[in-house]
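A.B. asks: Starting off with a structure, shown below.
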Amino acid sequence: MKATVTVSFTLNGKPQELDVPPNMTLLHLLREEVGLTGTKRGCDVGECGACTVLLDGRAVNSCLVLAPQVAGREVVTVEGLAPLGTLGPLQEAFLDRGAVQCGFCTPGMLMSAKDLLDHAAEPTEKEIREAIAGNLCRCTGYQQIVEAIEDAARRKNTPG
Ligand code: FES
Ligand code: FES
C-alpha cells in the first residue's frame, strides 16, 4: 500500500503540492510540513477553535480535516490575512480594541470573523457571537473581541 498521497491545493493564494500520509490532519500539514505556525493547536478534537482556517472561504477546524480532503481546494490561514506583512482590517481592529491578550485564540477568532465578514456586510452582535461560538478564549471575556469585529465591519463599510 502506498504510504503517502500527493495533495495539490492553494494555500494563501499560492499553489502547493505535498506528499503526506493519508491520515495527516490539515492542522499538522500546515504547522509541521509547511511551517505556518500561526494556526494554533489546542484541543486537537474540534472543541476549541484555535486551529480555525478557511477552506473554500468557510471557517473549519483544521484538526478535523484530513490533508487529502483539501485536494483541489483553497486554504487560507491567519498568515494569509497579512500577505505583505501589513495587518489586515480585522487584525487592526483586534489590536485597537484590546481583543488580544495571550493571543492563543486570536488566529482562530480572526478566521471565524473573516468568514462572517466575507458573507455578512452588517452582522448583528448576535451573529458575531454565533460566528465565534466555536472559538474559546480564556482571557478576554469575549466582549473586546465582539467589539473588534463590529469595528472591522464598520471600517469595511466606510469608504476611504
Ligand atoms: S485544535 Fe482544533 S478545535 Fe481545538
Ligand atoms: S486572548 Fe488568550 S485565549 Fe483568547
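A.B. asks: In the stretch 13-50, which residues are surrounded by 20 or more Cβ atoms within 10 Å (Cβ to Cβ) and of a type in the set (S, T, N, Q)?
C.D. replies: Matches in the stretch 13-50: Thr25, Thr39.
A.B. asks: Also, quick follow-up: Tally up the residues in the stretch 63-78 that are more than 14 Å from ligand 2 (Cβ to nearest atom) and either within 9 Å of the chain's Cα centre (by Cα) or outside the structural domain of Thr37 (by TED's automatic domain parsing) (or both), please.
C.D. replies: 2
A.B. asks: Here's another thing I want to ask about it. Any residue at all in the stretch 31-50 that's within 16 Å of ligand 1 (Cβ to nearest atom) and not in a loop (DSSP other than H, G, I, E, B)?
C.D. replies: The answer is yes, given that some residue of the stretch 31-50 is within 16 Å of ligand 1 (Cβ to nearest atom) and not in a loop (DSSP other than H, G, I, E, B).
A.B. asks: Going through the stretch 145-156 one residue at a time, which ones are out of contact with any helix residue (DSSP H, G or I) (no Cβ under 7 Å at 6 or more places or on another chain) and buried (at least 18 other Cβ atoms within 10 Å of the Cβ)?
C.D. replies: Of everything in the stretch 145-156, just one residue is out of contact with any helix residue (DSSP H, G or I) (no Cβ under 7 Å at 6 or more places or on another chain) and buried (at least 18 other Cβ atoms within 10 Å of the Cβ), namely Glu147.
A.B. asks: Another question, then. Quick one: would you say Ala153 is farther than 21 Å from Leu30 by Cβ, within 16 Å of ligand 2 (Cβ to nearest atom) and assigned to a helix (DSSP H, G or I)?
C.D. replies: The answer is no for Ala153.
Each row is one residue, and each column tells you yes or no for (1) more than 11 Å from ligand 2 (Cβ to nearest atom); (2) touching a Leu at 6+ places or on another chain (Cβ under 9 Å); (3) among the hydrophobic types (A, V, I, L, M, F, W, C); (4) under 25 Å from Glu32 (Cα atoms).
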{"site": "Ala59", "(1), (2), (3), (4)": "yes, yes, yes, yes"}
{"site": "Ala99", "(1), (2), (3), (4)": "no, no, yes, no"}
{"site": "Pro123", "(1), (2), (3), (4)": "yes, yes, no, no"}
{"site": "Ala133", "(1), (2), (3), (4)": "yes, no, yes, no"}
{"site": "Tyr142", "(1), (2), (3), (4)": "no, no, no, no"}
{"site": "Ile145", "(1), (2), (3), (4)": "no, no, yes, no"}
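A.B. asks: Of these, Val65, Val53, which one is under 26 Å from Gln144 (Cβ atoms), within 15 Å of ligand 1 (Cβ to nearest atom) and surrounded by 15 or more Cβ atoms within 10 Å (Cβ to Cβ)?
C.D. replies: Of Val65, Val53, the one residue that is under 26 Å from Gln144 (Cβ atoms), within 15 Å of ligand 1 (Cβ to nearest atom) and surrounded by 15 or more Cβ atoms within 10 Å (Cβ to Cβ) is Val53.
A.B. asks: Across the stretch 109-150, which residue is farthest from Pro89 (Cα to Cα) among those that are assigned to a helix (DSSP H, G or I) and of a type in the set (S, T, N, Q)?
C.D. replies: Gln143
A.B. asks: Taking only the stretch 125-151 into account, find how many residues are of a type in the set (A, V, I, L, M, F, W, C) and closer than 18 Å to Leu54 by Cα.
C.D. replies: Number of matching residues: 6.
A.B. asks: Right, something else. Please determine whether any residue of the stretch 92-101 is within 16 Å of ligand 1 (Cβ to nearest atom) and not polar (S, T, N, Q).
C.D. replies: Checking the stretch 92-101: not a single residue is within 16 Å of ligand 1 (Cβ to nearest atom) and not polar (S, T, N, Q).
The values are calculated or read from the model by the stated rules, or taken from the named source; none is laboratory data. Note that the coordinates shown come from a computational prediction; the quantities given were computed from them, not determined experimentally. A quick note on method: Cβ atoms are made from the backbone with ideal geometry, for glycine too, and the neighbour counts reach across all protein chains shown.
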